[in-house]
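Written out below as structure tokens is the structure these notes cover.
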Number of protein chains: 2
Amino acid sequence: MSTTLSDIARATQTSVSTVSRALSGSVAANRLNLDTRQRIQAAAQELGYRPNLNARTLRTQRSNSIGLIVNDITDPLVARIGNLIEQHLLLHGYSLMICNSNEDSEQEARHLWQLDQRGIDGLIIAPVSSDVEQLRQNLSATLPMVILNRSIAGLDATVAGDHEQTATLLCQTLRQAGVQRVAVVSGSSRLSIHRIRMQVVRQNFDVLALHEGPAIRKTGRDARAVFARLPIAPEAIICSGLVFANGIMQVTTVADLQNNPPALGVFDWVPMQHLLPVPIAAAVQDVYELAEGCVEQLMPMLSEPVPGAAAQRRPQEPLIFAGQIKLNPAYEAWADRRLAVQ
Amino acid sequence: MSTTLSDIARATQTSVSTVSRALSGSVAANRLNLDTRQRIQAAAQELGYRPNLNARTLRTQRSNSIGLIVNDITDPLVARIGNLIEQHLLLHGYSLMICNSNEDSEQEARHLWQLDQRGIDGLIIAPVSSDVEQLRQNLSATLPMVILNRSIAGLDATVAGDHEQTATLLCQTLRQAGVQRVAVVSGSSRLSIHRIRMQVVRQNFDVLALHEGPAIRKTGRDARAVFARLPIAPEAIICSGLVFANGIMQVTTVADLQNNPPALGVFDWVPMQHLLPVPIAAAVQDVYELAEGCVEQLMPMLSEPVPGAAAQRRPQEPLIFAGQIKLNPAYEAWADRRLAVQ
DNA sequence: TTGTACGCGTTATCAA
DNA sequence: TTGATAACGCGTACAA
């Protein structure tokens, strides 16, 4: 179908191997007769030759591509990290294949399997569950892998926010506004990211209710309904992820805001929060740091171009970034009102 | 490295082809001795065999995967479409590789090239430019392709919103609020999507200023600065895409909203718009329709499983979906105020 | 029912 | 400087 090396060989009266060398761009190309090399390159151009990457990968065991599996591509934070990771990888000559597990471990397994068998050189993943077996089962044991925003026992190549620090910061902020009773929406407590956050929250507050569910907006909507029926109203709702806050706000109307609704303490940046009339304290990460961290973490794990050197699986240190708190104007007004009442 | 068919053959004292048949799951598997088949399957399980997809694709010329190239994965609308497309493809047994061109035609070309040479069976793309050559140059001519949200001469497999209809609807809405003078932020007028919208806008309004630029938030920010210096203030700003509205709102403070700022007429849904204090009239598409449309459009273009049948490149009709207008409470209040003044 | 042999498109080794 | 030739892992026509 597409033109191949042998097509060019026939057209230029040379052999397949010569053509391969001429187009490889490596040192071997320089050892060629300048004339034949140019003839071959011209023919390649002419025939619109493009190498078959499957064949090349099959032969060389390298694909120059990295896989990224995210749990929810719809999350703007995740999307931005993906975007930035791609930009960084490009600088290193790698391209990125993004796959979306959609918070579903079956789809995750499928993607793991596919990417691995397509011969990606490395993987960056925010796993749906922290089950190491699920990962190992679907991957060749030697595939370099960086875990994003989770911590998994036995895997040190990790890039994440400092969940304990940011959670502490967020709790302190809310307490400064006099908050004592909170309700919580969280993703699965089997994930370290949520477990750690919740632990810190419990240390700081009287937790009236904890609604746990998959990291989708519906969980946030459900939580809001549950919290509305509590005998004592929470002063703030803590959301262990943007999706939950979005779910809550989806079913919040402007009219609701008249009745002094609880503030939202959100892990992760809320888009356009500075304009939203909902009081929001957000614990934000520098996504640029995270993305860059993933790439810098991954690169040294890839087998060196020198085939002689054994793949150096030097253990990486986890890369943990501190976050900070961003309040929106509505929150500041809300906090002022609370303090005035006291 | 990984276990291969021949590993299993050796372990079970059979031949590679027998193993291949036993694991293929096709009719050929049934013609095997039940005993040997089970022995082979057991061994495969034992050794953790997973087929090498590169080799398989190289051999069969089919990968059971579809590529999706989007211009901006950060756009929530785009991300949601990607997500939905993936779900739909799964039902048909295909998996999806998402690539982000990031509004950059070089990256787009790179992705086109890569996906094609990796042997994807079909492509869905929202091209950066409507240059057919750019596409054709990097693709094998026979690759089934669906164009998303653009219209390109000569390519009929298209899925898009009805840009003229939605633009007309949006203009009518604004005019009902007495708007006569607008400013416009738009992506490249070389893209039909923006060109059509702008054309309709011009027919309906006195366009004070037109700011054209790449579809990134910065363009929106810049536009806002430019519009602020106009001798006559626009009554509304029309944004040919969510990114522009986001850019404008990024640099809008709550204080700004006291000074009766222009309303925003936005193509595409604005997340959380019902809570935003900015008057917004949004022309929204049903993303589910769009995603489903892409898949339904693409499926019949893929070569039939029967190898005898020539790939049926039956020309598809463009699939155009009507949109509708969603006003937020702030807009309704804004419109009421305007009409009251009259 | 099973095995042999070939080819998919590349790259790498060896010899000329 | 160049050309056979083998091999990557798989699927399949053909022969047994």
Of the residues in region A:42-76 that are among the hydroxyl-bearing types (Ser, Thr, Tyr) and within 29 Å of the chain's Cα centre (by Cα), the one that is farthest from B:Asp72 (Cα to Cα) is A:Thr60
Helices (runs of 4 or more DSSP H) (entirely within region B:1-86) containing at least 2 residues that are away from DNA strand D (no atom under 11 Å from the Cβ):
B:5-12, B:34-47
Matching option when the condition is in contact (Cβ under 8 Å) with a residue 60 or more places away in the chain and at negative phi, among B:Val201, B:Val132, B:Val182, B:Val207
B:Val182
Kindly check whether there is at least one residue in region B:67-84 that is farther than 16 Å from A:Gly82 by Cα, more than 7 Å from every other protein chain (Cβ to nearest Cβ), touching a strand residue (DSSP E or B) at 6+ places or on another chain (Cβ under 6 Å) and buried (at least 17 other Cβ atoms within 10 Å of the Cβ).
yes
On the basis of being more than 14 Å from every other protein chain (Cβ to nearest Cβ), farther than 30 Å from B:Asn246 by Cα and surrounded by fewer than 16 Cβ atoms within 10 Å (Cβ to Cβ), does A:Ala43 make the cut?
no
For region B:96-111, does any single residue satisfy the condition of being within 8 Å of chain A (Cβ to nearest Cβ), away from DNA strand C (no atom under 16 Å from the Cβ), more than 30 Å from B:Asp7 (Cα to Cα) and in contact (Cβ under 8 Å) with a residue 40 or more places away in the chain?
yes
Residue in region A:1-22 that is surrounded by the fewest Cβ atoms within 10 Å (Cβ to Cβ), counting only those that are within 14 Å of another protein chain (Cβ to nearest Cβ) and under 42 Å from the mean Cα position of the chain (by Cα):
A:Met1
Give the residue, chosen from B:Ala215, B:Ala236, that is modelled with pLDDT under 95 and buried (at least 18 other Cβ atoms within 10 Å of the Cβ).
B:Ala215
Quick check, is A:Ser189 more than 22 Å from A:Ile325 (Cα to Cα), crowded, with 17+ Cβ neighbours inside 10 Å and more than 14 Å from chain B (Cβ to nearest Cβ)?
no
If I go through region A:173-186 residue by residue, how many of them are surrounded by 24 or more Cβ atoms within 10 Å (Cβ to Cβ) and charged (D, E, K, R)?
0
Taking the condition surrounded by fewer than 17 Cβ atoms within 10 Å (Cβ to Cβ), at pLDDT 95 or above, over 21 Å from the mean Cα position of the chain (by Cα) and more than 27 Å from A:Ile193 (Cβ to Cβ), does A:Glu304 pass?
no
Number of the condition not met by A:Ala55 [criteria: (1) more than 12 Å from every other protein chain (Cβ to nearest Cβ); (2) within 14 Å of DNA strand C (Cβ to nearest atom)]:
(1)
Just checking, how many residues over region A:242-268 are surrounded by fewer than 24 Cβ atoms within 10 Å (Cβ to Cβ), more than 14 Å from chain B (Cβ to nearest Cβ) and at pLDDT 95 or above?
1
Take the residues in region B:111-170 that are buried (at least 19 other Cβ atoms within 10 Å of the Cβ) and among the hydroxyl-bearing types (Ser, Thr, Tyr); name whichever of them is farthest from B:Ser240 (Cα to Cα).
B:Thr158
A careful count of residues in region A:59-91 that are basic (Lys, Arg) and under 18 Å from A:Leu139 (Cα atoms) gives 1
What number of residues within region B:132-172 satisfy the criterion of being of a type in the set (Ser, Thr, Tyr) and within 14 Å of chain A (Cβ to nearest Cβ)?
2
One residue is enough: does region B:143-161 have a residue meeting the conditions at pLDDT below 95, over 24 Å from B:Val287 (Cβ atoms) and of a type in the set (S, T, N, Q)?
no
Taking the criterion of being surrounded by 17 or more Cβ atoms within 10 Å (Cβ to Cβ), within 16 Å of DNA strand C (Cβ to nearest atom), closer than 30 Å to A:Met299 by Cα and modelled with pLDDT under 95, would at least one residue in region A:23-31 satisfy it?
yes
Of all residues in region B:112-131 being more than 20 Å from B:Ile152 (Cα to Cα) and not in a helix (DSSP H, G or I), the one that is farthest from the other protein chains (Cβ to nearest Cβ):
B:Asp121
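The values are calculated or read from the model by the stated rules, or taken from the named source; none is laboratory data. The model shown is predicted, which means the values in this text are computed figures rather than measured ones. No Cβ is skipped: glycine too gets one built from the backbone with ideal geometry, and neighbour counts run over all protein chains shown.
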